[in-house]
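The values are calculated or read from the model by the stated rules, or taken from the named source; none is laboratory data. This one's a predicted model, so the numbers in the text were calculated from it and none came from an experiment. We place every Cβ from the backbone using ideal geometry, glycine too, and count neighbours over all the protein chains shown.
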Amino acid sequence: MKYFLTILTLIATLNAQAAPVKIDGIAAIVNEEAVTLSELDNEIKTVKAQLQQQKSSQPSDAALQRQVLERLIVIHLKQQLADRNNIIIDDETLNRAISSIAKQNNISLAQLRNVIERDGFDFNLYRENIRHEILHTRLRQRYVDNRINITSAEIELFLKQQEKSGGNENEYQLNHILISIPEGASAETIQTAKQHAQAILDRLAKGEPFAELAIAESDSQQALSGGDLGWRKLGEIPSLFANIVVDMKKGDVSTLIRNPSGFHIIKLNDERGGDRHMVNQSHVRHILIKTDEVTDDNAALHKVEELKSRIEQGDDFNLIAKAHSDDKGSAAKGGDLGWASPGQMVPAFEKVMNDIAPNKISDPFQSPFGWHILEVLERRTQDDTDQYKRNIARQQLFERKVSEEEELWLRQLRDEAYVEIRI
């Protein structure tokens, strides 16, 4: 996407004869790019349809317009950041992702399209939303995930805290409202934000639905879903909220919670007991081809397909991995990752690992790290409770930090941009 949109966007309406040019208005300027009124209107229609389908109460038109416009501004900022870093989600990558969604739901691509259109959504807009989700994941990996480091000391402290609290395995379903504060805000701006947050808290105390107020007022990325943070174990909840949640009862709303992002309010919607899992391990080796500015998805996929073919024709997996795998830690060992426990690998990797029979080479598959093929050498059931707990602790700490860092990253991206609201 280029940065030359400094005039009104022109949309040509064509028919059998020459038609007049219809001028589209501008809702906002984001750096040197326009968010058009038609773009905003289309997104508002989509959000309204989603809220209606979810049987959620609709906020006022003004509140919905504000929330949707803010979301579009962030989408434009992320796209601009991707453009500057040559991160492109091409149609082939997008098509594979949508086909995967259809497969996960046990329907064909044509059936998926019919379902989406039957529910009143435009399939092309759906495609672009999926493209943006993939783009967001790529950007988050670069600007958030790569900055997160989990130390052994943090894991030990986490496990001690879990033990002290009785090994809390419960899961919590939270809703969240954020009234944000820009970086370097004045005391007056902070006080205004606090008063706004307190006013929302007062409205909640009078019985106004939390989800409706989140949609109308929250600055969080989850605002349009009613502030829903989903089900999370205690270790996956941002540390800002974790100590508060354990003392809350179902239906409770917190007082104002302050951090550098702004003022937060959380509601505990539900709580459920966690399940313990048996540790079934797989001894696995893999070959990874990373995607980056030089190697795109198509090139990476083509390379792992070629490597798989060579192995199936008799080449040694061990030697191929040493020569070609981009996972340098395992490449030196012929791709050997050792024994893997549940939760240790990313979901995309773990699913293939669990589904494939031992001594078979998987089809190429994609994870956040790139394209893989893998082979399960053997399986066992192992009493590996201590290591299992450490792996779970590491993942929970990672999820907690990602949630906190992602919010700060997006606020910083927004605060550092030139944004001019035109409506």
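Results, tabulated for the structure shown:
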quantity	calculated
Any hit, segment 84-97, residues being out of contact with any Asp or Glu (no Cβ under 9 Å at 6 or more places or on another chain) and among the hydroxyl-bearing types (Ser, Thr, Tyr)	no
Hits in segment 370-398 (condition: surrounded by fewer than 17 Cβ atoms within 10 Å (Cβ to Cβ) and under 19 Å from the mean Cα position of the chain (by Cα))	PHE398
Test: LEU77 is at pLDDT below 90, surrounded by 18 or more Cβ atoms within 10 Å (Cβ to Cβ) and aliphatic (A, V, I, L, M)	no
Selection within segment 299-343 - exposed (fewer than 15 other Cβ atoms within 10 Å of the Cβ), small (Gly, Ala, Ser) and assigned to a helix (DSSP H, G or I)	ALA299, SER309, ALA323, GLY329
Some residue of segment 411-420 being more than 26 Å from the chain's Cα centre (by Cα) and under 30 Å from GLY227 (Cβ atoms)	yes
Residues of segment 402-423 classified as among the aromatic types (Phe, Trp, Tyr) and surrounded by 14 or more Cβ atoms within 10 Å (Cβ to Cβ), total	1
Matching residues in segment 93-134 - criterion: being hydroxyl-bearing (Ser, Thr, Tyr) and outside any loop (DSSP other than H, G, I, E, B)	THR93, SER99, SER100, TYR126
Verdict on GLU212 being under 23 Å from the mean Cα position of the chain (by Cα) and surrounded by fewer than 21 Cβ atoms within 10 Å (Cβ to Cβ)	yes
Residue within segment 84-92 that is outside any loop (DSSP other than H, G, I, E, B), at pLDDT below 90 and not acidic (Asp, Glu) present	no
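Okay, residues lined up against (1) modelled with pLDDT under 95; (2) of a type in the set (S, T, N, Q):
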| site | (1), (2) |
| --- | --- |
| MET353 | no, no |
| ASN359 | yes, yes |
| SER362 | no, yes |
| PRO368 | yes, no |
| HIS372 | no, no |
| VAL376 | no, no |
| ARG380 | yes, no |
| ASP383 | yes, no |
| LYS389 | yes, no |
